[in-house]
Amino acid sequence: MTPEQQQEILNLRALNLTPKQIARKLGLRNAEVATFLRQHADQTALAQQTTGGLDPIDRCFVNAKISRYYFPPEGTPASEDDRAGAEAGLALVTVVRKRGYNRYTICSYLLDLGCLGVKDAQGPRQANGSECEQILAAIYDAFDEPPQAISLEQAQAIVFSALEYAQKLGFSPHADFEPIRDFLGEWDPNNRIPCGGKDGKPFFFCGPYDNPRAVIDTLTKSVGEGNFNVIMPAEAIEDW
């Protein structure tokens with residue numbers, strides 16, 4: 001295989017053609033193309049590890065309503081349903097990096113954009129291609145529609161904006177966040193999204209694992225009584 005053919009394989013692979021499609025287009029054997037792509041991916045991953053760099057990004061995702069609200073397609077404003085979903089404040093960001101040929105690493109971040117910041121973090125999980133798809137499906141199984149693909153910069157904006165906002169209110173991120181913080185790469189602080197409720201005040205939507213008394217005490221100290229909004233289910237109010 002000539003260097004020119006190798007470069008053409010890489011060019012076609014960047015267009016998401018399969019090894020079989022590339023082989024047919026270039027008149028090469030499928031096994032030959034697949035072997036070259038595997039070796040190239042492994043060499044790239046090894047070079048990243050040797051220099052201490054992160055593996056290249058494969059894909060990033062967030063739940064659909066958050067994506068459409070904060071990053072709407074041009075000329076398509078967010079719907080009222082998307083706005084309501086975003087104002088509830090729950091975002092689930094997933095970052096997938098490619099370690100080599102058919103090898104991936106996955107980290108996910110559960111965020112409360114209204115108040116608490118990073119509520120949970122999971123990873124890194126290693127997977128091949130089919131396993132990666134299964135993990136992604138499981139991560140977003142609780143949502144009523146598939147996640148939306150976003151850029152790494154958008155993923156960083158969601159996670160680090162939520163983190164920064166919560167820390168200013170007095171809330172620390174989940175203990176599992178720090179070990180996989182660097183998986184996101186370096187964030188540009190100029191790349192932020194607005195956090196908090198629809199009126200600009202912190203918004204606490206009490207979940208089943210939250211401690212409402214501790215959260216409300218913290219908000220009262222940081223922003224003052226009457227300067228935040230709270231929604232609690234009936235059972236949480238009864239235990240108050």
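The values are calculated or read from the model by the stated rules, or taken from the named source; none is laboratory data. Note that the structure is a prediction, hence the values are computed from the model and not measured. Using ideal geometry, Cβ is built from the backbone for each residue, glycine included, and neighbour counts are taken over all protein chains shown.
Restricting attention to region 47-66, does a residue exist that is closer than 20 Å to SER130 by Cα and in a loop (DSSP other than H, G, I, E, B)?
yes
Name the residues in region 108-123 that are more than 23 Å from GLY200 (Cβ to Cβ), of a type outside the set (A, V, I, L, M) and either at pLDDT 95 or above or surrounded by 20 or more Cβ atoms within 10 Å (Cβ to Cβ) (or both), would you?
Those that are more than 23 Å from GLY200 (Cβ to Cβ), of a type outside the set (A, V, I, L, M) and either at pLDDT 95 or above or surrounded by 20 or more Cβ atoms within 10 Å (Cβ to Cβ) (or both): SER108, TYR109, ASP120, GLN122.
Enumerate the helices (runs of 4 or more DSSP H) found wholly within region 130-240, keeping only those where 3 or more residues are surrounded by fewer than 13 Cβ atoms within 10 Å (Cβ to Cβ).
In region 130-240, the matching helices (runs of 4 or more DSSP H) lie at 212-223, 234-239.
I'd like the residue in region 54-85 that is among the aliphatic types (A, V, I, L, M), over 12 Å from the mean Cα position of the chain (by Cα) and farther than 14 Å from GLN148 by Cβ and, out of all such residues, is surrounded by the most Cβ atoms within 10 Å (Cβ to Cβ).
LEU54
Do we have GLN167 as within 25 Å of ILE231 (Cα to Cα) and either among the charged types (D, E, K, R) or assigned by TED's automatic domain parsing to the domain that holds ASP81 (or both) here?
Answer is yes for this residue.
Scan ASP217, ASP188, ASP176, ASP141 and give me the residue that is at pLDDT 95 or above and closer than 24 Å to LEU54 by Cβ.
After ruling out the rest, the residue left standing is ASP176.
Which numbered condition in (1) touching a Pro at 6+ places or on another chain (Cβ under 9 Å); (2) within 23 Å of SER222 (Cα to Cα) is the only one that ILE139 fails?
Of the numbered conditions (1) touching a Pro at 6+ places or on another chain (Cβ under 9 Å); (2) within 23 Å of SER222 (Cα to Cα), the odd one out for ILE139 is (2).
Give all pairs with beta carbons closer than 6 Å in which a residue from region 205-226 that is more than 13 Å from ASP112 (Cβ to Cβ) meets a residue that is crowded, with 17+ Cβ neighbours inside 10 Å; count only pairs at least 6 apart in sequence or on separate chains.
Going by the 6 Å Cβ cut-off, the qualifying pairs are PRO212/CYS206; PRO212/MET232; PRO212/ALA236; SER222/LEU169.
Take the conditions at pLDDT below 80 and among the charged types (D, E, K, R) and apply them to ASP42. Does it pass?
In short, yes.
Specify the residue that is nearest to the chain's Cα centre (by Cα); the eligible residues are those in region 86-99 that are crowded, with 19+ Cβ neighbours inside 10 Å and not hydrophobic (A, V, I, L, M, F, W, C).
The selected residue is THR94.
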